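The values are calculated or read from the model by the stated rules, or taken from the named source; none is laboratory data. Remember, it's a predicted structure, so these values are computed and weren't measured experimentally. Glycine also receives a Cβ, built like all others from the backbone with ideal geometry; neighbour counts cover every protein chain displayed.
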Amino acid sequence: MIKVEHLTKRYAGHTAIKDLSFEVGKGEIVGFLGPNGAGKSTTMRILSSFMPPTSGRASIAGFDIFDQSLQARAHLGYMPENVPLYGDMRVTEYLNYRAALKGVPHRRIAERVGDVQELCGLKDVERKLISALSKGYRQRVGLADALVHEPDLLILDEPTSGLDPNQIRAVRDLIKNLGKQHTILLSTHILPEVEMTCSRVIIINKGRIEASDTPENLLGEIRTAGGVVLEAKVGTDSGAEELKKIIGVRDVAATADGEWQTFSLRVESGADVREEVFRLAADRRWSVRELTQRRATLEDVFVELTHSDDA
């Protein structure tokens, strides 16, 4: 559905993406991840024909995104991070307008607008001015806009940005349902959502692809296989510095709650340092109320691939 070949985008004094190549197959839900400034939005804007690359090629459904832009965009629904909406239009009025712009036949506009309003949970607000809607509902209007012309592919850039946990859950469930009929390329910072939603993950950092695989395979390959959490009273000791001396511990993050401190240890793959941590605590006479092993998550993969040890 998407084919990207050696895509590069340079600005004056800055290269946003460098020699990107990847593919997204029909029916996949792919998470497109990376830190701020990694090149995610630039890539999505290029795929959506909003800007040209400096070099390289890309196609959607077999159509070149620039030489055959209209045909490519007919297969694409794009939802940018900040959805540009007309606040002085009502929801149904806006979607009717967008459907006409996207070439939906006049006789089908009312049907398609009704379908996407139902799908995106907009029926209760269909007569409201967009300016009067909450952030969550405006995101839903943007998603309905992306869907109204029945595209094969959805590109969603931070679709849950600014939403509360209940709204995030609703959008996540909606994306899962959309994945039954659409190919989806999804950019988000909410990594647990990616684990629960996406069949494959592409991680980009400093304009280059660092990894492309299923969440399960990435977790299996990561050098940092999780970690250990210690909650203890350490008195005047520098608990983090002492814990870093244990073989197999790569890094330690500490937070305090009164006298109690919580230490999160990143450890090498295959290392179980709990005995050494317990022995250190006993030797130092630390009071311990938690010592647990934590399984690796996609967040660990993300940190491992996008942060150097001396960062």
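State yes or no: is residue 187 among the small types (Gly, Ala, Ser), at pLDDT 80 or above and crowded, with 21+ Cβ neighbours inside 10 Å? Yes; evaluated as a whole, the condition is true for this residue. Of all the residues in region 1-43, those that are part of a strand (DSSP E or B), in contact with an Asp or Glu (Cβ under 7 Å, 6 or more places away or on another chain) and under 13 Å from residue 183 (Cβ atoms) number 2.
The set of residues in region 102-125 being within 18 Å of residue 167 (Cβ to Cβ), surrounded by fewer than 19 Cβ atoms within 10 Å (Cβ to Cβ) and not acidic (Asp, Glu) consists of 119, 121, 123.
The residue that is farthest from the chain's Cα centre (by Cα), among those in region 135-192 that are within 23 Å of residue 23 (Cα to Cα) and of a type in the set (S, T, N, Q), is 181. Among residues of region 41-75 being charged (D, E, K, R) and over 22 Å from the mean Cα position of the chain (by Cα), the one that is surrounded by the fewest Cβ atoms within 10 Å (Cβ to Cβ) is 67.
Residue check: is residue 212 among the hydroxyl-bearing types (Ser, Thr, Tyr), in contact (Cβ under 8 Å) with a residue 40 or more places away in the chain and in a strand (DSSP E or B)? Against the criterion (among the hydroxyl-bearing types (Ser, Thr, Tyr), in contact (Cβ under 8 Å) with a residue 40 or more places away in the chain and in a strand (DSSP E or B)), residue 212 qualifies. The set of residues in region 259-268 that are touching a residue at least 40 places away in the same chain (Cβ under 8 Å) and surrounded by 15 or more Cβ atoms within 10 Å (Cβ to Cβ) comprises 266, 267. When only residues in region 12-40 that are under 14 Å from residue 58 (Cβ atoms) and touching a helix residue (DSSP H, G or I) at 6+ places or on another chain (Cβ under 6 Å) count, which is surrounded by the most Cβ atoms within 10 Å (Cβ to Cβ)? If we take residues in region 12-40 being under 14 Å from residue 58 (Cβ atoms) and touching a helix residue (DSSP H, G or I) at 6+ places or on another chain (Cβ under 6 Å), then 32 is surrounded by the most Cβ atoms within 10 Å (Cβ to Cβ).
Out of curiosity, is residue 141 part of a helix (DSSP H, G or I) and over 25 Å from residue 71 (Cβ atoms)?
Considered against the rule, which asks whether it is part of a helix (DSSP H, G or I) and over 25 Å from residue 71 (Cβ atoms), residue 141 comes out as yes.
How about region 24-56: which of its residues are basic (Lys, Arg) and more than 13 Å from residue 157 (Cα to Cα)? Scanning region 24-56 gives a single hit, 26.
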